[in-house]
1. If we keep just the residues of segment 53-73 that are in a helix (DSSP H, G or I) and among the hydroxyl-bearing types (Ser, Thr, Tyr), which is nearest to Arg20 (Cα to Cα)?
2. Only residues that are among the hydroxyl-bearing types (Ser, Thr, Tyr) and surrounded by 14 or more Cβ atoms within 10 Å (Cβ to Cβ): list them for segment 37-95, please.
3. Given the structure, is Phe14 assigned to a loop (DSSP other than H, G, I, E, B), among the aromatic types (Phe, Trp, Tyr) and at negative phi?
4. When both residues are 6+ apart or on different chains and their Cβ atoms are under 6 Å apart, which pairs have a first residue that lies in segment 17-43 and is without any contact (Cβ under 8 Å) to a residue 40 or more places away in the chain, and a second that is assigned to a helix (DSSP H, G or I) and of a type in the set (Ser, Thr, Tyr)?
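A short reminder: the numbers here are calculations on the coordinates, not readings from a lab. Since we're looking at a predicted model, the values are computed, not measured. All Cβ positions, even for glycine, are placed from backbone atoms using ideal geometry, and neighbour counts span all protein chains on display.
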Amino acid sequence: MNWYLDVLKKYAVFNGRARRQEYWMFMLFNIIALIIVAVIDMAIGTYPLLYAVYALAVFLPGLGVTIRRLHDTGRSGWWILINLVPLVGGIILIVFLATEGNQTDNSYGPNPKLAPAY
């Protein structure tokens, strides 16, 4: 759960680097939360109101952690736009996001794996 909250604390931070674990744990908790919110929204009869509010609330943190994850692999955040290419764009983006980050410092900052835990 800390991975999810840490990303929310960096609400609109687009610089720096994010580890694979930070990205994928945020996405896992985000999908679970979206499902729960959608079920609650349907149960009270207001679908898609709460779902849309939650999705908009986590849009910037999700975008930020995705860009920071791309930075960890040495790629610019603009690579997120490859997702617009039909069929293969999404697959390529997933491969980029699942690739291990640079072990050394890169132009986006130091290796987040070597950062001290707080």
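1. First pass over segment 53-73, keeping only residues in a helix (DSSP H, G or I): 53-57, 59-72.
From the residues that got through so far, the ones that are among the hydroxyl-bearing types (Ser, Thr, Tyr) too are 54, 66.
On the way: Tyr54: 24, Thr66: 10 Å.
Of everything passing the filter in segment 53-73, Thr66 is nearest to Arg20 (Cα to Cα).
2. So the first thing to find is which residues in segment 37-95 are among the hydroxyl-bearing types (Ser, Thr, Tyr), and the list is 46-47, 51, 54, 66, 73, 76.
Hits for segment 37-95 are Tyr47, Tyr51, Tyr54, Thr66, Thr73.
3. yes
4. Once the first residue is without any contact (Cβ under 8 Å) to a residue 40 or more places away in the chain and sits in segment 17-43, its partners that are assigned to a helix (DSSP H, G or I) and of a type in the set (Ser, Thr, Tyr) give Phe26/Tyr4; Phe29/Tyr4; Val37/Tyr51; Val37/Tyr54; Ala38/Tyr51; Asp41/Tyr51.
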